[in-house]
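The structure under discussion appears below in the form of structure tokens.
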Amino acid sequence: MNYFAHPTAVIDPGASIGSGTKIWHFSHIMPGAVIGEDCTIGQNVMVGDGVVLGRGVKVQNNVSLYTGVVCEDEVFLGPSVVFTNVINPRSAIPRKDQFRSTRVSRGATIGANATIVCGNTIGEYAFIGAGAVLTHSAPPYSLFIGNPARLSGWVSEYGHVLELDSQGRGRCPESGQGYRLKNDQLIKIPASE
């Protein structure tokens, strides 16, 4: 084994786990799950069949990742984040053929207790605030908060809320990277601009 798994973790045959990954207490990794290198899987996490986690993903305690969830590299999932995979579940009606996928793009953050309704994409470096209920896709660098979640602003790759000027330009206070809002999309700009 080139990864760490706490003795209470259950890892089913057929799961793929990258080197340097740590899996903590009472977590369950199901067959067909793919976990990249250097990930951290907190306590009481379930990673379902067909779920894909990229490199460096951090999943905090009490998160269930159901079939159809794909998290790209360096995604952060806060404690008790909820993902769905069926729009209209019923106990007595099988709907496994109606699973909808959810993609969480590179560097995105989902805050504690947020709910992500299936069939949507969270863009690169987007930030979904704690307790938000996201019912639609979120563009790159966007900040969504509330229930239902609404666009509240824009964030840098370092996760800082950007103060945009009258021309839609802002700068990350930590990295110094500049950004510009153009056609309702935030883009990085060269240092010369």
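Every number in this text was worked out from the coordinates using simple rules, so none of it is lab data. Keep in mind it's a predicted model, so treat the numbers as computed, not measured. Note: ideal-geometry Cβ built from the backbone for every residue, glycine included; neighbour counts use all protein chains shown.
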Report task. Extending each Cα 7 Å along its Cβ direction at Ala191 and Tyr158, get the distance between those two points in nm, one decimal. Result -> 1.4
Query raised in the report: Given a Förster radius of 25 Å and the C-beta distance between Ser137 and Ile93 as r, what FRET efficiency does 1/(1 + (r/R0)^6) yield to the nearest 0.05?
Result: 0.40
Query raised in the report: Distance in nm between label sites at His25 and Arg180, each 7 Å beyond Cα in the beta-carbon direction?
Result: 5.2
Query raised in the report: Can you run phi through the Karplus equation (6.51, -1.76, 1.60; θ = phi - 60°) for the stretch 25-38 and list ³J(HN,Hα) in whole Hz, with x for Gly and Pro?
Result: 3, 6, 8, 10, 10, 8, x, x, 6, 10, 10, x, 6, 6
Query raised in the report: So which aspartates and glutamates pass the test for Lys188, namely a Cα distance under 13 Å, with those fewer than 8 places away in the same chain ruled out?
Result: Glu124, Glu157
Query - Integer Hz, Karplus 6.51/-1.76/1.60 couplings in order for the stretch 10-20, x for Gly and Pro - result: 10, 10, 6, x, x, 7, 10, 10, x, 5, x
Report task. Enumerate the amide H contacts of Val104 below 5 Å, restricted to partners 5 or more residues apart or on another chain; note that Pro and chain-start residues carry no placed amide H. Result -> Val70, Cys71, Glu72, Ile122
Report summary line: As straight-line cross-link partners of Lys96, the qualifying aspartates and glutamates (C-alpha separation under 14 Å, not fewer than 8 residues apart within one chain) are Asp49
Query raised in the report: Straight-line reach from Lys58: which lysines have Cα under 20 Å away, leaving out those fewer than 8 places along the same chain?
Result: Lys22
Report summary line: With a ≥ b ≥ c from the Cα gyration tensor eigenvalues, square-rooted, and the rule rounded for a/c under 1.5, otherwise prolate when a/b > b/c and oblate otherwise, the stretch 4-162 is oblate
Query raised in the report: Relative contact order for the chain: what is it in percent, counting Cα pairs under 8 Å that are at least 6 residues apart?
Result: 10
